1. Show that you can apply the helix-only estimate: for the chain, add -39,500 (n - 2.57) for every DSSP H stretch of four or more residues, divide by all residues, and state [θ] at 222 nm to the nearest 500.
2. Tell me which lysines have Cα within less than 16 Å of K3's Cα, excluding those fewer than 8 residues away on the same chain?
3. Suppose a student asked you for the relative contact order of the chain, using Cα pairs under 8 Å spaced at least 6 residues apart; what percent would you report?
4. With a point put 7 Å past each Cα toward its Cβ, work out how far E93 is from Q160 in nm, to one decimal.
5. With a Förster radius of 30 Å, plug the Cβ-Cβ distance of T85 and K107 into 1/(1 + (r/R0)^6) and report the FRET value to the nearest 0.05.
6. To one decimal place, what orientation-averaged projected area in nm² is obtained for the convex hull of the Cα set of segment 97-161?
7. Check cross-link reach from K34 to the lysines: straight Cα distance under 17 Å, and skip same-chain residues fewer than eight apart.
8. For the pair K132 and E75, what calculated FRET efficiency results from E = 1/(1 + (r/R0)^6), where r is the Cβ-Cβ distance and R0 = 25 Å, to the nearest 0.05?
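The values are calculated or read from the model by the stated rules, or taken from the named source; none is laboratory data. None of these values were measured; they are calculated from a predicted model. Every residue, glycine as well, gets a Cβ built from its backbone with ideal geometry; the counts of neighbours run over all protein chains shown. All accessible areas refer to the heavy atoms of the entire protein, side chains included, with ligands and DNA or RNA removed. Shrake-Rupley method; radii C 1.70, N 1.55, O 1.52, S 1.80 Å.
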Amino acid sequence: MEKYSTTTLKMIRNFDVMPERVFVAWVDPGMMRKWLFTLEGTNKVAQNDPQVGGTWEIIDHRDGKDYRAIGEYLEMDRPNKLVFTFKMPQFSEETDTITVELKELQKGCEMTFSQNITVPHEENWTQSDIEKALGEYHDGTEHGWNLMFMGLKELVETGQVSYKGS
């Protein structure tokens with residue numbers, strides 16, 4: 001039996017700005033540090049090499065601990081599409097893949113976000129244990145992105161993010 005399952009989270013968001021501005025928020029370290037897995041007040045590292053095969057890294061410091069997120073860019077079609085891997089090595093060796101697609105609308109743009117979430121299994125799990133875990137990971141991940149996307153919207157539309165707490 002394989003040691004993990006995957007579930008896909010898909011979210012759609014609209015922004016009152018052109019796709020280019022949202023794309024930049026995903027790849028510019030100065031903007032990434034304000035919303036992506038971190039906030040300006042708690043960010044320690046936000047660095048990347050925004051090209052296919054390049055890597056990115058974000059370190060957020062919360063409750064006396066460093067949380068590190070890393071990945072590699074797989075596809076970059078500015079400003080329409082970005083595909084990259086995501087993992088937090090201190091929690092899991094599993095790697096998720098995130099796809100961000102942007103399309104221009106009459107006013108602003110629409111972002112379609114999807115993440116394939118890898119859920120590790122415990123050895124004696126039943127099918128219902130697996131389904132429960134998939135649901136929890138999906139909902140927990142969705143909650144996290146919901147908060148981040150509120151920050152992203154504020155950042156691209158006003159240039160700043162007010163701290164919302166988690």
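1. Per the formula, -9000 deg cm²/dmol.
2. K132
3. Over the chain, the number comes to 28 percent.
4. Taking the two extended label points, one gets 4.5 nm.
5. 0.35
6. Details: hull surface 23.0 nm².
Result: 5.7 nm².
7. K34 reaches K44, K153, K164.
8. Once the sixth-power term is evaluated, E becomes 0.15.
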